[in-house]
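Below is one structure; the comments refer to it alone.
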Amino acid sequence: MHLDVVDLKAFYDRTRLGRTAQRAVRERVREIWPQTKAQTVVGYGFTSPLLRPFIAQARRVISLMPGPQGVMCWPEPSNVSVLCEETNWPLQAGFVDRLVVMHGLETSTRPDALLDEIWRVLAPEGRVLFIVPNRTGLWSRRDVTPFGYGRPYSLRQMNALLAQHRFLPERHMAALFSPPSQKRFWLKIAPIWERAGRALSAHAAGGVLLVEASKQVFAPKPRGLTQAVKRPFGVLEGIARPAPESVSGRRKQK
C-alpha cells in the first residue's frame, strides 16, 4: 500500500522529524554518489527530498511517482515529476545512469515486476540505490513516519531479492540511528546519534538500509556448434561427383 503524496510531503516539509530524516538520508546518498555530472538521475517513489542536490550537477533529473501514491509539482515553479504506472515507466530501456528508490519497493504490491522494470530502464553500467526500512531498526516499528509502513527488509533479504532479479549488490550503508521521536531532546542530538551509529554498525541499528546494486548483463550464449568438427564435409561422403566434361565434348555440342 502506497502512502499518499500529500502525507509524504507534509512529513518531510512540515515536521522537524521529517527534515531531520531527509537530511540524514541525503548525506548518505551524496556520500555514495558524490559525482553525477553528465548522467541521467531518476528517482522512483517519493525521492524529492533526495534529488535536489543533483539538479545543478546531473545531465537530467526525473522524479517518477507511482499512480497509487499520486504526484506533485516538483521543484516549483519548474517541474520534473511524472505520474507513472508502478511497473510500466515512460522510459526507454537502458536510459538511466543512477536510480534512487525510496518509499517505492516496500510499499509495492508487485515487487518482482517492479524490480524487472528497474532492470529494464537501467543502463548496463548504471547503479540503483534502494532505501528501505530496516527490519531490525526502530523506524520500521512505529507508524509515526513513512518508514513504518509497508514491508521492512533485512540486509540478507535485500541481497537475496536483488540476486533473484539479476542485480549485483555493490555496497550498503545505514542511516537514521536516532529514535523516531518528535521530542525536542532527541531531535537536538540526532546528528550525534548519526555519527555514533556510522562508527558502530553498517546496518544493524539504522532505521533504514541503503543498498547500492549494479545491473548484471550476461554474455550471450554461442550459437551453432560448440565443438570443432575434424571432417566438416564428411556428410558428403558417398555422393558421386560429376565427371569433368572434355573439351571435345563441348565442341560437339556447339
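The values are calculated or read from the model by the stated rules, or taken from the named source; none is laboratory data. Small disclaimer: the values here were computed from a predicted structure and weren't measured. Here Cβ is always computed from backbone atoms with ideal geometry, including for glycine, and neighbour counts include all displayed protein chains.
Looking only at region 39-79, residues that are surrounded by fewer than 23 Cβ atoms within 10 Å (Cβ to Cβ), assigned to a loop (DSSP other than H, G, I, E, B) and under 17 Å from the mean Cα position of the chain (by Cα) come to 1 in all. For region 142-151, the count of residues that are of a type outside the set (G, A, S), in contact with a strand residue (DSSP E or B) (Cβ under 7 Å, 6 or more places away or on another chain) and crowded, with 18+ Cβ neighbours inside 10 Å is nonzero.
Given the condition over 13 Å from the mean Cα position of the chain (by Cα), of a type outside the set (G, A, S) and under 17 Å from L50 (Cα atoms), answer yes or no: does some residue in region 103-118 qualify? Taking every residue of region 103-118 in turn, none turns out to be over 13 Å from the mean Cα position of the chain (by Cα), of a type outside the set (G, A, S) and under 17 Å from L50 (Cα atoms).
If you scan region 176-197, which residues turn out to be farther than 16 Å from R142 by Cα and of a type in the set (A, V, I, L, M)?
So in region 176-197, the residues farther than 16 Å from R142 by Cα come out as 184-185, 187-197.
Listed by number, the residues that qualify are L187, I189, A190, I192, A196.
Take the residues in region 32-56 that are of a type in the set (G, A, S) and in contact (Cβ under 8 Å) with a residue 12 or more places away in the chain, then tell me which one is farthest from L105 (Cα to Cα). Walk me through it before giving the result.
First, the residues of region 32-56 that are of a type in the set (G, A, S): 38, 43, 45, 48, 56.
From what is left, the residues that are in contact (Cβ under 8 Å) with a residue 12 or more places away in the chain are 38, 43, 45, 48.
On the way: A38: 27, G43: 12, G45: 8, S48: 16 Å.
For region 32-56, the residue satisfying everything is A38.
Annotation note: of R60, R120, R142, R110, the sole residue that is within 24 Å of R171 (Cβ to Cβ) and of a type in the set (D, E, K, R) is R120. Within region 185-218, work out how many residues are among the basic types (K, R) and either modelled with pLDDT under 90 or touching a Ser or Thr at 6+ places or on another chain (Cβ under 9 Å) (or both). Going through region 185-218 one residue at a time, the tally reaches 2. I'm trying to understand the selection: among the residues of region 109-124, which are surrounded by fewer than 23 Cβ atoms within 10 Å (Cβ to Cβ) and in contact (Cβ under 8 Å) with a residue 60 or more places away in the chain? Passing the criteria: T109, W119, V121, A123, P124.
F54 versus (1) out of contact with any Pro (no Cβ under 9 Å at 6 or more places or on another chain); (2) within 25 Å of R151 (Cβ to Cβ); (3) of a type outside the set (D, E): which is the lone unmet condition? Against the list (1) out of contact with any Pro (no Cβ under 9 Å at 6 or more places or on another chain); (2) within 25 Å of R151 (Cβ to Cβ); (3) of a type outside the set (D, E), F54 comes up short only on (2). Scanning region 23-38 for residues that are of a type in the set (S, T, N, Q) and either modelled with pLDDT of 95 or more or within 16 Å of the chain's Cα centre (by Cα) (or both) yields a count of 1.
Could you tell me whether V6 is in a helix (DSSP H, G or I), under 25 Å from L187 (Cβ atoms) and touching a Leu at 6+ places or on another chain (Cβ under 9 Å)? Write out each step before concluding.
On the way: in a helix (DSSP H, G or I): yes; under 25 Å from L187 (Cβ atoms): yes; touching a Leu at 6+ places or on another chain (Cβ under 9 Å): no.
In short, no.
Contact annotation: residue pairs with Cβ atoms under 8 Å, 6 or more positions apart or on different chains, pairing a residue in region 80-106 that is part of a strand (DSSP E or B) and surrounded by fewer than 18 Cβ atoms within 10 Å (Cβ to Cβ) with a partner that is of a type in the set (D, E) and at pLDDT 95 or above, are N88/E117.
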